[in-house]
1. Does Ile329 meet the test of being within 15 Å of the ligand (Cβ to nearest atom) and among the β-branched types (Val, Ile, Thr)?
2. State yes or no: is Gln396 touching a helix residue (DSSP H, G or I) at 6+ places or on another chain (Cβ under 7 Å) and within 16 Å of the ligand (Cβ to nearest atom)?
3. Within segment 32-55, is even one residue part of a helix (DSSP H, G or I) and acidic (Asp, Glu)?
4. Any residue in segment 10-28 that is over 16 Å from Tyr300 (Cβ atoms) sitting within a Cβ distance under 8 Å of a residue that is of a type in the set (Val, Ile, Thr)? List the pairs, counting only those 6 or more apart or interchain.
5. How do the helices (runs of 4 or more DSSP H) wholly within segment 354-463 filter down when requiring 2 or more residues that are modelled with pLDDT of 95 or more and under 21 Å from the mean Cα position of the chain (by Cα): which remain?
6. If Gly270 passes every condition in (1) on the phi < 0 side of the Ramachandran plot; (2) in contact with an Asp or Glu (Cβ under 9 Å, 6 or more places away or on another chain); (3) away from the ligand (no atom under 12 Å from the Cβ) but one, which one does it miss?
7. Would you mention how many residues in segment 174-195 are under 22 Å from Pro47 (Cβ atoms) and either within 16 Å of the ligand (Cβ to nearest atom) or in contact with a His (Cβ under 8 Å, 6 or more places away or on another chain) (or both)?
8. Do we have any residue at all in segment 26-39 that's under 19 Å from the mean Cα position of the chain (by Cα) and over 22 Å from Leu340 (Cα atoms)?
Amino acid sequence: KGAIDDCSCSVETIDSFNNLKIFPRLNSLLHQNFFRYWKVNLKKKCPFWEDDGKCAIRYCSVQPCTDQEESKITTKKRDKSQNWASKSTGSNLNIVEVETYEEIPEGIKGAVTPNGIDKSQSLDMKSHMTVSDCDTENALGYLNTTLSKESLDGFERWAAHDSAQDSFCYLDDESSVDSEYVDLLLNPERYTGYVGPSAHRIWKSIYQENCFKPTQSFRPYADFRNIGELCLEKRAFYRAISGLHSSINVHLAAHYLLSDKNGFAESKDGVWGHNVEEFQRRFDPELTGGEGPLRLKNLYFVYLLELRALAKAAPYLESLEFYTGNEEIDSDVRKAVEDLLAVIQSFPEHFREETMFTGGLQATKLKEEFREHFRNISRIMDCVGCDKCRLWGKLQVTGLGTALKILFSGNFDQPLDQQLNLSAVKQTKFQLSRGEIVSLFNAFGRLSRSIMELDNFRQEILR
Ligand code: FAD
């Protein structure tokens, strides 16, 4: 209940807006072919530590689409310079049409990142980022006033160059033979049994090494009780990650394995449903020392952040084709996207990203640090030891990274409703790949469903 920290909005406002207006529209949209197939590489090696083994439970596995072999051949043969968003994608492909293409629609198969750029290879990264505190910004403020004009110009050029690299994520190389299409509807996010040291290592690395921590930490990790010490941007970073963590844990409690097929299962796939005890163990104020509700509020925070990104990029998103090769369906999808975005834009209490990263050079440096930390988290997803969790972890981090890219790239800061402005944005380096668009909508869909599930848990607990 009540106000959401660092936002001017309340839980109650979002509950009614989401559950009545957003969730039904989004849920139906995410069932459309354009949004249900996502190409992902689940075979990448963990860049930070030796893989500590894959989860052997069968609910951890991911079933890729059946026509992968053909898809790989297609990917190699297609002209990589084509933009996925264009209708020509598909028709100009130098491929042998194969009858085995049943699942993945014609317009989607073989898509690679825009212009064929393998974004995942384009930057070199330090393996583990170290975390500095607000002192860094103060130090930069000092540098700002003491450096010679010449070196300052150099630094500004560097900063400008770096901020041109808009992406907050290391994206998978979609043309890699290890990248495969996954049908997200056939591989739903739910309880997998991925628990213990491997899962904890991921969360620990994210919070301990990649979030900006308050100086006073009492527990081994994830101790953010003194978050008020941090500046807004660093608080926002933590809240976004914590909100994503809450969302994942709400989903696993809402789609819990209540019995498996060797027990008294009613379907061959087991019986799935709400596990109220599991939900309470994670979020009940008394069982979590008061932290559960704060973590749930962070879910609302990250929801508002992605909502705002969709609103901000609405004119750009409305101009896309959402091409799958079926003109009638594609036209319906475009109308549904337009309808959803109109509702999103009508929300009166949007997150105000313009209050973040203000203040010249210090802000530019802080933004770069923020981006590097988030990029690092996108690489940590390759260390998740359960394929299903890795799939949804990668998708949601990519979606959140896409939202951050929209909010902070600067490309959408001017109103885009005029055709002129829109084409100016499209002519810049700024682009969203099909993978980014699909992940953005699906990540927001996860948050939207989590908020809806909270209402179900609330009613079950009160009953
Ligand atoms: P964890 O959720 O592992 O949390 C570890 C510690 O972090 C807690 O002890 C607490 O101190 C702190 N913490 C917990 N929640 C928050 C929060 N919201 N904000 C801040 N701090 C917090 N399991 C599935 O069954 N299905 C999935 O699809 C799935 N996807 C996953 C995806 C990723 C990327 C990862 C890393 C894990 C995933 N898991 C999934 C595992 C799941 O998130 C938990 O790690 C697991 O259920 C063990 O839970 P736990 O109670 O030990 O605490």
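The values are calculated or read from the model by the stated rules, or taken from the named source; none is laboratory data. Remember, it's a predicted structure, so these values are computed and weren't measured experimentally. Here the Cβ is made from the backbone with ideal geometry for all residues, glycine too, and neighbour counts use every protein chain on show.
1. It is false that Ile329 is within 15 Å of the ligand (Cβ to nearest atom) and among the β-branched types (Val, Ile, Thr).
2. Yes: the conditions hold for Gln396.
3. Taking every residue of segment 32-55 in turn, none turns out to be part of a helix (DSSP H, G or I) and acidic (Asp, Glu).
4. That search, which allows pairs on different chains as well, returns Arg25/Val343.
5. Once the helices (runs of 4 or more DSSP H) in segment 354-463 are filtered for at least 2 residues that are modelled with pLDDT of 95 or more and under 21 Å from the mean Cα position of the chain (by Cα), what remains is 360-380, 387-408, 434-462.
6. Gly270 satisfies all of (1) on the phi < 0 side of the Ramachandran plot; (2) in contact with an Asp or Glu (Cβ under 9 Å, 6 or more places away or on another chain); (3) away from the ligand (no atom under 12 Å from the Cβ) except (1).
7. Residues flagged as under 22 Å from Pro47 (Cβ atoms) and either within 16 Å of the ligand (Cβ to nearest atom) or in contact with a His (Cβ under 8 Å, 6 or more places away or on another chain) (or both) within segment 174-195 amount to 2.
8. yes
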